[in-house]
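Asks: Next up is a structure, given as structure tokens.
Quick note: the coordinates plus some simple rules give every number you see, no bench work behind them. Remember, predicted model here, so these are calculated numbers, not experimental data. Cβ placement follows ideal geometry from the backbone for every residue including glycine, while neighbour counts extend to all protein chains displayed.
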Amino acid sequence: MSKIALITGITGQDGSYLAELLLGKGYEVHGVIRRASTFNTHRIDHLYEDPHGVGVKLHLHYGDLSDGVRLVTLLNEIAPDEVYNLAAQSHVRVSFDEPEHTADTTGTGTVRLLEAIRASKVRPKFYQASTSELYGATPPPQDEETPFYPRSPYAAAKLYSYWITKNYREAYDMFAVNGILFNHESPRRGETFVTRKITRAVAAIKAGQQEHLYMGNIDSIRDWGYAAEYVEGMWRMLQVDEPEDFVLATGDGITVRDFLEVSFAHAGLNWEDHIKYDPRYLRPTEVDALIGDPSKAKAKLGWVPTISGRELAKLMVVADIEALKHGDKWIDKVQLASWDAS
Ligand code: NDP
Ligand code: GDR
């Protein structure tokens, strides 16, 4: 019998890679999608199968983390072995504009899902998408023992989700874990996160379609890894005997300025000729430096990331240049196969 997984946030960057990974492992995968007036499934269209066919492995269901009753009916219907809660309003800057909505989805949404598990007849293992943003103002290096100091409505909502996941593990003996993931990116990254914003702009500038790129604070340091490797770590966290929380990170930090420099240089451009400052991209409170220590994941899960932030910048530039030429297809697998990090 195939294992059954339920993924919230399947239409996002991580959801698409995780669905791919689990389908590759023979899972039956169920994803929660939101009803929207336009299609929002472009990241998983290549995985879609006609539901009328035989042996279909990917199933999509309408639902929303704001609708607790729907989550109960879904859990009863699907009876998953594993639940991955990846859904969130995940943009830090936007969380200052929409703090209440962020709290409702990114915070309360998690307890709705945990309560739905308790209210349903099933006892799946549960993965919560926690984040390095929890560390906020606490300086690096950060590991599983580092104190939290959230610096945004997003991080405060994720802090609630972190603790409620831990509480349900202790209170109800649930297999519920937090993956505390540092920034991870890919050619599927949302266009308004800084890495993708930069690599898309590099492609457009190179093609003569754009001249300038407006940026906020380029001094912050992030530990950027490759999303496809991080979803493997999520899965591994649910395959061990005891539920525990884990940091996933590369262990290396670079500045946004470094990412700009590498990205532009990879296309033969000088970043300083194209960057302009716009204060609208600043956050009221910034997170200056995040650099994770993934030793525990390495020792207990055998999880080792292989792609650095600088390599990622080059990989994403190549993918965005190709996407501009050939249309926005999900070409990153092809790119990786022929990837030359030099
Ligand atoms: P994305 O922003 O790409 O995807 C978010 C997903 O959540 C989308 O599928 C979105 O649906 C869905 N969603 C948003 N609100 C709701 C809701 N109310 N009900 C149901 N679904 C909803 O995020 P990533 O893939 O980058 O990240 C996955 C998770 O990991 C997020 O929780 C994020 O906060 C967390 N995280 C991410 C890190 C990173 O570096 N990428 C690092 C650490 C944690 P739709 O497509 O319809 O908008
Ligand atoms: P982050 O990612 O806030 O770390 O959260 P983001 O890419 O948005 O910002 C990284 C850093 O770049 C600076 N920055 C800009 N950011 C954006 N988006 N746009 C700009 O123009 C810009 N200029 C400078 C930011 O100030 C920041 O310092 C991501 C999300 O995926 C979260 O969901 C996740 O939890 C964390 O990573 C880990």
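Asks: Can you list residues whose amide H is under 5 Å from Val247's amide H, if they're 5+ apart or on another chain and H is modeled 1.01 Å from N?
Replies: It is Glu144, Ile180, Ala297, by chain and number.
Asks: Then there is this: So which of Lys57/Lys296; Lys25/Lys325; Lys125/Lys300; Lys125/Lys296; Lys57/Lys197; Lys166/Lys300 end up more than 28 Å apart by C-alpha?
Replies: Pairs exceeding 28 Å: Lys57/Lys296; Lys25/Lys325; Lys57/Lys197.
Asks: In whole Hz and in residue order, list the ³J(HN,Hα) couplings for the stretch 14-29 that follow from phi through the Karplus curve 6.51 cos²θ - 1.76 cosθ + 1.60, θ = phi - 60°; x for Gly and Pro.
Replies: The phi angles translate into 5, x, 5, 5, 5, 4, 4, 4, 5, 4, x, 8, x, 5, 8, 10 Hz.
Asks: When Lys and Arg each count +1 and Asp and Glu each count -1, what net charge do the other residues less than 13 Å away from Arg310, Cβ to Cβ, add up to?
Replies: -3
Asks: Pop out the ³J(HN,Hα) list for the stretch 50-55 in order, Karplus 6.51 cos²θ - 1.76 cosθ + 1.60 with θ = phi - 60°, rounded to Hz; leave Gly and Pro as x.
Replies: Each residue of the stretch 50-55 in turn: 4, x, 7, x, 9, x Hz.
Asks: In addition: Over all alpha-carbon pairs in the stretch 88-167, figure out the percentage whose distance exceeds 22 Å.
Replies: The proportion of pairs with Cα distances above 22 Å equals 28 percent.
Asks: Sorted from largest down, give the three principal axis spans of the alpha carbons of the stretch 103-146, whole angstrom values.
Replies: 43, 22, 11
Asks: In the chain, what % of DSSP beta bridges are antiparallel (nearest 5)?
Replies: Around 5 percent of the beta bridges assigned by DSSP in the chain are antiparallel ones.
Asks: Against the empirical 2.2 N^0.38 Å scaling, what ratio does the C-alpha Rg of the stretch 36-117 come to?
Replies: It is 1.27.
Asks: Against the longest alpha carbon principal axis of the chain, how many degrees, from 0 to 90 and to the nearest 10, is the axis of helix 68-78 turned?
Replies: 70 degrees
Asks: What's the Cα-based Rg to Rh of the chain, Rh via Kirkwood?
Replies: When Rh is taken as the Kirkwood radius, the ratio is 0.95.
Asks: Could you tell me how many degrees, from 0 to 90 and to the nearest 10, lie between the Cα long axis of helix 194-206 and the main elongation axis, the longest principal axis, of the Cα atoms of the chain?
Replies: For helix 194-206, the angle is close to 40 degrees.
Asks: Spelling out what I want: for every residue of the stretch 122-137, take phi, set θ = phi - 60°, compute 6.51 cos²θ - 1.76 cosθ + 1.60 (Karplus), and round to whole Hz; glycine and proline get x.
Replies: Going residue by residue, I get 9, 10, x, 6, 10, 10, 10, 7, 7, 8, 5, 4, 4, 6, x, 8 Hz, with x marking Gly and Pro.
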